[in-house]
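Quick notes on the structure that follows.
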């Protein structure tokens with residue numbers, strides 16, 4: 001059995017609900033009491049979850065909106081910290097969590113490629129050596145030298161995936177980004193993911209497409225009400241999720257482009 005590369009040990013994450021404040025006057029009138037009360041009003045995004053992802057595994061996370069899926073990815077990426085418990089990650093994380101995340105709108109696509117590569121731990125020389133391949137894969141043409149504030153969401157998706165896919169990811173985090181872009185670029189992304197699978201890149205995928213999770217992942221985790229409902233082989237977890245939601249197994253929307261996975 002391969003080693004564990006990601007571990008969650010009784011992890012909980014909660015956020016204060018500052019929108020519950022009824023105004024500055026109300027807060028200041030009895031500040032010590034109101035401030036203490038405010039600190040106690042929190043939204044619990046995850047509650048005591050424990051699981052592991054093994055090196056080279058493709059691991060899916062499914063669940064309804066608000067279940068805690070994206071929070072789980074954020075904890076793996078290190079962009080947020082657990083309220084309680086411990087998250088252990090052994091390897092360099094390459095997050096593909098949202099369109100344009102980590103991009104500077106005033107910089108060109110080419111400059112953002114360099115910036116993101118350095119932020120991911122590569123040297124300027126290493127990024128420059130991959131620059132031509134990244135630009136070619138993105139298919140952005142002359143737009144790669146324009147500020148990304150003029151990019152469409154599809155162009156941002158092209159740039160984001162191209163950067164991550166060509167900077168030797170060890171742990172790749174994907175959050176609902178494979179459904180954007182035209183069919184030709186989706187096929188290029190799928191071919192790259194198949195290459196990742198062959199070369200043993202660890203992938204954690206959050207998606208509402210149970211079809212995609214069942215086809216792409218070895219194992220899956222179903223999160224419901226901020227806790228783990230089921231974890232195991234991807235197809236078994238997906239079928240259990242579909243049954244609970246009164247859906248036919250592997251029901252999906254516009255997943256025909258995944259047929260060759």
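The values are calculated or read from the model by the stated rules, or taken from the named source; none is laboratory data. Since we're looking at a predicted model, the values are computed, not measured. FYI the Cβ positions are ideal-geometry reconstructions off the backbone, even for glycines, and counts take in every protein chain you see.
Summed over segment 140-169, the residues that are closer than 13 Å to residue 116 by Cα and in contact with a strand residue (DSSP E or B) (Cβ under 8 Å, 6 or more places away or on another chain) give a count of 5.
The set of residues in segment 116-135 being at pLDDT 90 or above and surrounded by 13 or more Cβ atoms within 10 Å (Cβ to Cβ) consists of 126, 127, 128, 130, 131, 134, 135.
One residue stands out among those in segment 170-193 that are at pLDDT 80 or above and under 13 Å from the mean Cα position of the chain (by Cα): the one that is farthest from residue 210 (Cα to Cα), which is 171. Out of everything in segment 142-164 that is modelled with pLDDT of 90 or more and loosely packed, with under 13 Cβ neighbours inside 10 Å, what residue ends up being nearest to residue 187 (Cα to Cα)? Per the stated criteria, the residue is 142. Against the test of being crowded, with 19+ Cβ neighbours inside 10 Å and either at pLDDT below 95 or out of contact with any helix residue (DSSP H, G or I) (no Cβ under 9 Å at 6 or more places or on another chain) (or both), the options 52, 57 yield a single qualifying residue, 57.
Checked against the criterion of being crowded, with 17+ Cβ neighbours inside 10 Å, within 18 Å of residue 70 (Cβ to Cβ) and either within 18 Å of the chain's Cα centre (by Cα) or at pLDDT below 85 (or both), the candidates 212, 167 yield just one match: 212. Within the span defined as segment 241-255, every residue fails to be outside any helix (DSSP H, G or I), touching a strand residue (DSSP E or B) at 6+ places or on another chain (Cβ under 6 Å) and modelled with pLDDT of 90 or more. Name every residue in segment 69-91 that is under 19 Å from residue 229 (Cβ atoms) and without any contact (Cβ under 8 Å) to a residue 60 or more places away in the chain, in order of residue number. 71, the sole residue that qualifies.
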